[in-house]
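What follows is calculated from the coordinates using simple rules that are stated; it is not laboratory data. Keep in mind that this is a model prediction, so the values were computed, not measured. Cβ coordinates were reconstructed from backbone atoms using ideal geometry, including for glycine residues, and neighbour counts include every protein chain displayed.
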2 protein chains.
Amino acid sequence: MTATLRDLGEFELIRAITARFARGRDVLVGPGDDAAVLAAPDARVVVTTDLLLEGRHFRRDWSSGVDVGHKAAAQNLADVAAMGARPTGLFVGFAAPGDLPVDWALALADGLAAECALAGASVAGGDISSADAIMLGVTALGDLEGRAPVLRSGARPGDVVVLAGSVGRAEAGLALLTAGRGHDADADVNAGWAGLVSAHRRPRPPYPLGPALAAAGAHAMCDVSDGLVQDLGHIAAASQVRIDLDLAALAALTDLTGLAADGPLRSAAAELGADPLDWVLTGGEDHALVACLPPSAVIPAGCEQIGLVLPGSGVTLAGRPAVGRGGWNHFA
Amino acid sequence: MTATLRDLGEFELIRAITARFARGRDVLVGPGDDAAVLAAPDARVVVTTDLLLEGRHFRRDWSSGVDVGHKAAAQNLADVAAMGARPTGLFVGFAAPGDLPVDWALALADGLAAECALAGASVAGGDISSADAIMLGVTALGDLEGRAPVLRSGARPGDVVVLAGSVGRAEAGLALLTAGRGHDADADVNAGWAGLVSAHRRPRPPYPLGPALAAAGAHAMCDVSDGLVQDLGHIAAASQVRIDLDLAALAALTDLTGLAADGPLRSAAAELGADPLDWVLTGGEDHALVACLPPSAVIPAGCEQIGLVLPGSGVTLAGRPAVGRGGWNHFA
């Protein structure tokens, strides 16, 4: 019989989970007390928090516990990187039904720990509760290393817009899973589909490029969690500028967008009757970074120019309004 | 017709909620970007996180939105104070059904903001999602102001155990509500019952006494969230000592425990057929602080001695084992 959380009990579960968290150099007091203590060498601390709910943000039949751990950590650590900060610590509130297999909870912990390791951070604390469905409240912290935080409001006409990381791939992977093509994707029936589903399950934010873009002088930056057009729209609104996307440049970024004629995005879209450009423009959850750099800046390796900042407002696609290219809105 | 979250939409809701948060001096970048930036003048930051779920941690028919906001903030800010730190910022993930009245969400925001103000902190960021039931993921941060964090592991034989804040009152209030006596309590039919229910709805942690106890030289400290015996048991285990509680001293603390013969705890217990001492020893969620101070320390005003640290292990009541005086265990 598979052991459940109820079999194990709260305190044993906490012990088993926290045993899986390596304690990095920024963790001064780790799990087990009323609160943790993290280093904040910059004397400022970057903080972001997110909720993830089973059935809304993930499904257990589509993602393993390890996957969910990776994703929950990644989406918060990416927000830290998007401020130009180095991620330091992650805090995780975890609620689950008593009949959840212990193995799933431990796999979740492994995924959280592994993603933190990718970003150079540690899981430093958390909370456990019982609930009818799995839910996670994740908070990530980071250190600015002496730099100014890169806000959404600093873009200026003349800036170049650069992309770090992939866009559209997680949304394509989700579309494959939604269409019941997860098995095909896992078997990689069409070359590259496995990578799309993997992008949904375990997004790979380009953590080191956050601080690198800040150091390169980025005027504005954010992570792409709601879709490229919507998230650039936040920068455009906050900075009171227009952002024009270069569709040819986006299409040419095979590695980042998979939009090339023989790429997995096109083959998956053809199979599902979807428009791959929609995925690239409106798909969230790859947790790429987009930044606006002064034209004189040296664009860091791993980033590609995808547009320009102009006077005006809103986001345009090769000069035309991005009508209907919205993104995610809760309660809509 | 009452406006709901679905009527308002995510972005308007965020605007309406964040407009209610005053920005304190520690908030360098507030809500609205990928992440917030808080001051961490000590170059270390204290962090704690908790989940609160409707139906498990609160009920909408027993607590208003303002109440839930106060309580959600208080239980996390108390953990910060229990490390000896000054609370600085609060981050709140909020998930709710689309048919929740907007007024409830705004009341929640008001409660969060008001409790933060009591502790000297600010709500500095958050996240909003849709869900079938209301859930909150709350993270609190604090500054150690140059002091060492006060852990659970530092108690030494000879230390005196002191209590700051009340114990048992929130549990008594919850018992009144559970027994369907909330209306009597709200009408304060029996003198002081209203205070008990209020202690459940809006616990009042003694925030400034956390730093004060740290400054007084506390060897160990924690907040009472799972019950006095259980939480002191954590200190005893972490410090490898025995803690003996002085029942007469506890009973004499009318203001803190309401255990006096004519106090509300006794009248509520008599009415419900309960043992008021059970509430005092095992009731959590008042978020009092308990600390172990060296015998030479000057006990800060507002704290009362309730026991002694001795060689040995576990928690004893006037020298006898605290059998059956456990506390809360999720999944049990």
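Results, tabulated for the structure shown:
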item	result
Longest site-free stretch - chain B; sites: trypsin sites (Lys or Arg not before Pro), DSSP loop, at most 13 other Cβ within 10 Å	B:60-332
Nm distances between copies for residue A:25, ranked from closest, using label points 7 Å along Cα→Cβ	3.3
Positive-end residue, segment A:9-148 charge dipole about Cα centroid, Cβ charges, pick of A:148, A:31, A:68	A:148
Residue-averaged beta-carbon neighbours from other chains (10 angstrom radius) around B:122-135	5
Average beta-carbon neighbours from other chains, 10 Å sphere, peptide A:11-21	1
Residue of chain B nearest the B-to-A rotation axis [by Cβ], rounded angstrom distance	B:137, 1
Exam field: residue A:215 pseudo-label spacings to other copies (7 Å along Cα-Cβ), nanometres	4.1
Label geometry 7 Å along the beta-carbon vector: residue B:183 inter-copy distances in nm	5.9
Range of Cα positions in segment B:1-118 per principal axis (Å), largest first	49, 30, 20
Within a Gaussian network of chain B (alpha carbon springs, distance under 10 Å), most fluctuating of B:249, B:172, B:72	B:249
Dipole magnitude of segment A:183-237 about its Cα centre (Cβ charges: Lys, Arg +1; Asp, Glu -1), debye to nearest 20	180 debye
Where the Cα pairs of chain A fall when distances are cut into 10 Å bins, in %	6, 26, 32, 24, 10, 2, 0
Area projected by the alpha carbon convex hull of the protein assembly as shown, averaged over all directions, nm²	29.6 nm²
Number of partner chain Cβ atoms within 10 Å, mean per residue of B:234-240	1
